[in-house]
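Step one of this worksheet: look at the structure below.
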Amino acid sequence: MYYKIVWSVLFAGWSFFFAEAQSFRHPLDFPASLSGNFGELRANHFHSGIDFKTQGVEGKSVHAVCDGYVCRIAVSPWGYGNVIYLAHPDDSLMTVYAHLQRFSGAIAGRVKEWQYEAERFAIDLRFEPEQFPVNRGDVIGFSGNSGSSGGPHLHFEVRDLSADEPVDPLPFYEKQIKDSRPPKVRAVMAHPVESRGVVNGSSRKQQWTTSVRHDGTTVLNERIEAWGKIGFSLQANDYMDGTTNIYGVKELRLFVDGEELFSSVIDRFSFDQTRYLNAWVDYETWREQRVFFMKTFVEPGNRLRFITSRNGGFLTVDEPRVYHLEFLLTDAFGNSETFAMEVTGKEQDIPLCDKLGTTPFFRQEDSRFGAKGIRLLIPEKSLYSHLDFRYACREDSAYFSGVHRLHDRPVALHRPARLSLFLLRDVLTETHPYGIVALRNGRPSWIGGVYRDGWLEADIRELGLEYAVAADTVAPEITPLYPGQWVRNQTITFRLTDNLSGIDSYRGTIDGHYALFEMDGKKSSIRYTFDARRLSRGKHVLALTVQDACGNTACYEKTFTW
């Protein structure tokens, strides 16, 4: 009962805030259904909105949810793709509509004009209130799958204009969406604090899978014996009625013997804090298993405002007795599950960490490391906790430097670190093809960098990988797609690929005049749609120039008749 009262008070307060705003309509014309909720854990960030399903297709009308004006429009082959931002100043809110297939009416026409004026596909435009006013219900675009979207849907956000922070939009739509299913814990992990805690005789973190009884209760059929300072983390999902999708958990609390030790309630966050997600989850497990475990303890460098704790959320086991742990998980509709487990206090030797051959890195100060052929600078507050850094190096004839392994497990950096690698073979006449690559399971991923006196320097955001210097001397590849159908379909399409550094820029012209090719980053393709206002009937010369990140250039030319 206590848990329900706490949640009700919090939810009522948040709902009251939204009640002050004018009523939001659903941005689509059919019943609301979600494929993603607010605050879900994603790679290096929290999900900043909710994802409305669009019945598995593109082209559904997207409406302004209330009166306001267009304050920003952006187009990109990545991220939000085609996105429109509406300001609602009377309520101090902004709404965001992302991954659109296209914009509507006058907005679409003006966007294309700006693209032609700038002679580029990707744009980011800001507007004054009088330029594009909208009324509640106006069609502002059509749903799509643009940018980094993983399938057709509408990404929808509500932001607090005064703080420019995303807030959970679900309170606007709680009456339109049915949800009676609670979150569920799928696995538990114990994290003994280094040299200060032990679990079942080991100082290493340990993971156990839960099971579900016939009555629906989630249980852990493991005996856990511990001593010292221990943290815990959970793998958990939320669910909704009528769908097989899984969602993020809005609220997580830990109680030990009835006293609250940890609490997180994701109802808003700031964009400049979203990368702290990497301090909250077990980053190593996510990198290696692609599974998120949420910690119920707080790393020293975790600055997420929606988290509160007592004693950092750690359990101190210092008595030979049973400690009763309860994890309370609650979703945005008040559905909750209490997952209970026991930890038995058993005095046992706490192993000391082997620090032989390591270099201590401290979170509150700059950390520097140097060895033959490498320099590394990690700025203060880039690490989330103290690190005993391990380093190894090997040679590989495929690379121009040594292959340097920076630590023996994945570690996220909150701020970029500066990595400098020395070229053992500086054999290229021009230096622009050189670049640092990160090797993950032997596969290189381009980072790039700047050449200085035989060294390559670049910023990195992760430890636990191998880094080396490679070179990209190969031009991108331009592949025309179905050229025999271009005129009939009134579209010209290419696939653009590169062997290493990636496509940096492209430019298409018809008869020497700029032609707008729209880029789909997921498909590595670009497309020009015939435009009778800019393209006359007759014979034309198409030219396309593509450049990769190292300046290697490919050209294509073809004559066609329309």
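What to note about this one:
- In the condition set (1) open to solvent by less than 70 Å² (accessible area, probe 1.4 Å); (2) modelled with pLDDT of 95 or more, Ser180 is compliant with all but (1).
- Checking every residue in the stretch 229-238 against the condition of being part of a helix (DSSP H, G or I) and either under 19 Å from the mean Cα position of the chain (by Cα) or touching a residue at least 40 places away in the same chain (Cβ under 8 Å) (or both) gives zero matches.
Matching residues to (1) part of a strand (DSSP E or B); (2) touching a residue at least 12 places away in the same chain (Cβ under 8 Å):
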{"site": "Thr344", "(1), (2)": "yes, yes"}
{"site": "Leu352", "(1), (2)": "no, yes"}
{"site": "Arg368", "(1), (2)": "yes, no"}
{"site": "Leu377", "(1), (2)": "yes, yes"}
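- Scanning the stretch 34-41 for any residue that is open to solvent by less than 10 Å² (accessible area, probe 1.4 Å) and within 14 Å of Ser149 (Cβ to Cβ) turns up at least one such residue.
- Of the residues making up the stretch 17-54, those that are part of a loop (DSSP other than H, G, I, E, B), among the polar types (S, T, N, Q) and either at pLDDT 95 or above or within 16 Å of the chain's Cα centre (by Cα) (or both) are Ser33, Asn37, Asn44, Ser48, Thr54.
- When the stretch 87-111 is filtered for residues that are out of contact with any helix residue (DSSP H, G or I) (no Cβ under 6 Å at 6 or more places or on another chain), open to solvent by less than 60 Å² (accessible area, probe 1.4 Å) and under 24 Å from Val57 (Cβ atoms), the ones remaining, listed by number, are Thr95, Val96, Tyr97, Ala98, His99, Leu100, Ser104, Ile107, Ala108, Val111.
- Tally, over the stretch 505-533, of residues that are open to solvent by 30 Å² or more (accessible area, probe 1.4 Å), more than 17 Å from Arg495 (Cα to Cα) and free of Cβ contacts under 8 Å to residues at least 60 places away in the same chain: 5
- Tally of residues being open to solvent by 50 Å² or more (accessible area, probe 1.4 Å) and either acidic (Asp, Glu) or touching a Lys or Arg at 6+ places or on another chain (Cβ under 7 Å) (or both) across the stretch 120-147: 6
- A Cβ distance below 8 Å, combined with a sequence gap of six or more or placement on separate chains, defines the contacts here; from the stretch 186-204, residues that are without any contact (Cβ under 8 Å) to a residue 24 or more places away in the chain reach residues that are open to solvent by less than 50 Å² (accessible area, probe 1.4 Å) and of a type outside the set (S, T, N, Q) in the pairs Arg204/Pro192.
- Scanning the stretch 396-421 for residues that are over 28 Å from the mean Cα position of the chain (by Cα) and closer than 18 Å to Gly301 by Cα yields a total of 0.
- Residue satisfying condition, being closer than 24 Å to Ser162 by Cβ, in a loop (DSSP other than H, G, I, E, B) and among the aliphatic types (A, V, I, L, M), within set Val96, Val57, Val65, Val70: Val65
- Answer residue from the stretch 379-397, given it is in a loop (DSSP other than H, G, I, E, B) and over 22 Å from Pro416 (Cα atoms) and is most open to solvent (accessible area, probe 1.4 Å) among those: Glu395
The values are calculated or read from the model by the stated rules, or taken from the named source; none is laboratory data. This one's a predicted model, so the numbers in the text were calculated from it and none came from an experiment. Because the Cβ atoms are built from the backbone with ideal geometry, glycine has one as well, and the counts that use them run over all protein chains shown. All accessible areas refer to the heavy atoms of the entire protein, side chains included, with ligands and DNA or RNA removed. Shrake-Rupley method; radii C 1.70, N 1.55, O 1.52, S 1.80 Å.
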